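Take a look at the structure below.
Values quoted throughout were computed directly from the atomic coordinates according to the rules given, and no laboratory measurement underlies them. Just so it is clear, the structure is predicted and the values come from calculations on it, not from any experiment. Positions of Cβ are generated from backbone atoms using ideal geometry, with glycine treated the same way; all protein chains shown enter the neighbour counts.
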Amino acid sequence: MKKNMVLLMLLAGTLLLASCGGKEEAATTAPAAEAPATVSLQDFAAGYLAGLPENRSYIVSMDDFVNDVRSGKDMYIVDIRRADDYAKGHARGAVNVPWGTSAMWESIPYLPQDRTVYVHCYSGQTAGQAIVMMRLAGIQAVSVNSGWNLGIARVEGYEDILETTENSLGTARHDVHPQVMEMIQNHYQEMAQQVGTPFANFFISEENAKAILDAGDESAQFLSVRRADDYAAGHIETAINVPFNPSMAEMISMLPADKKLVVYCYSGQQSNQVVGLLRLLGYDAVSLIYGMGTPRTAPRGWVNNGYPVVTAN
């Protein structure tokens, strides 16, 4: 497992020795600097998970989002779709930070920390990873449910919020500790290395996941993060269940660190948040694209493909 503690140097204990009136005075001994504070990634993950109930899993409804934009609410919106799709039409005021580009980490110091940042992609999945990285940097990021294609564009009257004006990030920036920036950059650069493999975007397709299951590949472990009752009603064979709620923090250390974790939820949105957290903690985790599948994600998703499930004993 990769190193999961990061030292954040928060204090500098440098004191200047003063002299006055040209008269040399005895040097005073500077008090010892306080020990640098340390921030544990386990603590970050636990804090993130603890906030799930209050923040509704860090996901806002597509209807509320469209209505708020339409009403002229002051919002900071980050559209992580491709630049060409952003140019065709986007929510009023949205800035474009294209997924899969260096902008995903280079933009971090320019995103506000004192207000909610609304993030959307196409389906809500890549936005799940994005908001984890933003929150690591102190940004109050939330994802729009089901993204643009499956969510926003299906809301009646969404056309009212569209514009084609390109909006810039601006020049105001805040400090992000270099080691935190390095971790965020590493996540996206490691992801870039997966292009052309079955794990691009830290996803795995339903077909490739089914092949792993059928082969009995013991180097992989399926991980359901759905509610316990939904797991009991039907889950992918061999999957273990660690629901996406605050108690997950106590279970993470029990996950196998020597296996590829194939994480799945309902639609792929929560599982991508989990993948973001687990990868920061050093696990080799990928998200099952579109999860178990829902009517909204059809025909994508495990069940929507007709793949089998088993029930709890």
Values of log10 I(q)/I(0), in the order q = 0.21, 0.26 Å⁻¹, for segment 137-208 under a Debye, Cα-only, solvent-free model: -1.11, -1.11
Please arrange Thr197, Thr171 by counting, for each residue, the other beta carbons lying within 10 Å of its beta carbon, fewest first. Thr171, Thr197
Here the FRET efficiency for Glu156 versus Asp84, based on Cβ atoms and R0 = 22 Å and rounded to 0.05, is 0.30
As a footprinting exposure proxy, order Ile184, Ile252 by other Cβ within 10 Å, with the fewest listed first. Ile252, Ile184
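Given the peptides 113-123, 134-144, 262-272, 97-107, arrange them by the average over their residues of other C-beta atoms within 10 Å, most packed first.
Details: 113-123: 20.1, 134-144: 22.6, 262-272: 28.0, 97-107: 18.5.
Ranking the peptides 113-123, 134-144, 262-272, 97-107 by packing returns 262-272, 134-144, 113-123, 97-107.
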Could you give me the radius of gyration and the Dmax of the chain, taking only the C-alpha atoms into account and expressing both in angstrom? 22.3, 87
Once amide H atoms are built 1.01 Å from N in the peptide plane, which residues 5 or more positions from Val263, or in another chain, come under 5 Å H to H? Leu223, Val286, Ser287, Leu288
Roughly what % of DSSP beta bridges within segment 196-305 run antiparallel, to the nearest 5? 0
In whole angstrom, how far apart do the alpha carbon centroids of segment 98-119 and segment 180-223 sit? 23
Dipole of segment 133-220 (Lys/Arg Cβ +1, Asp/Glu Cβ -1, origin at the Cα centre): which of Met134, Gly196, Ile212 lies farthest to the positive side? Met134
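Could you work out the helix-only [θ] at 222 nm for the chain, with each DSSP H run of four or more residues adding -39,500 (n - 2.57) and the total divided by the number of residues, to the nearest 500 deg cm²/dmol? Can you show the working numbers first?
Numbers: 10 runs with 88 residues, N = 313.
Calculated from helices alone, the mean residue ellipticity at 222 nm is -8000 deg cm²/dmol.
Report the relative contact order of segment 196-305, percent, no decimals, based on alpha-carbon pairs under 8 angstrom and at least 6 residues apart.
Numbers: 178 pairs, mean separation 29.9, N = 110.
In percent, rounded to a whole number, it is 27.
Among Arg300, Arg56, Arg82, which comes first, second and so on when ranked by fewest other beta-carbon atoms within 10 Å?
Working: Arg300 19, Arg56 12, Arg82 16.
Ranking Arg300, Arg56, Arg82 by Cβ neighbours within 10 Å, fewest first, gives Arg56, Arg82, Arg300.
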Straight-line reach check, Lys210, cutoff 19 Å on alpha carbons, 8 or more apart in-chain or any other chain, hits among aspartates and glutamates -> Glu218, Glu237, Asp284
Could you compute the FRET efficiency for Asn245 and Glu190, with r as their C-beta to C-beta distance and R0 at 30 Å, rounded to 0.05? 0.65
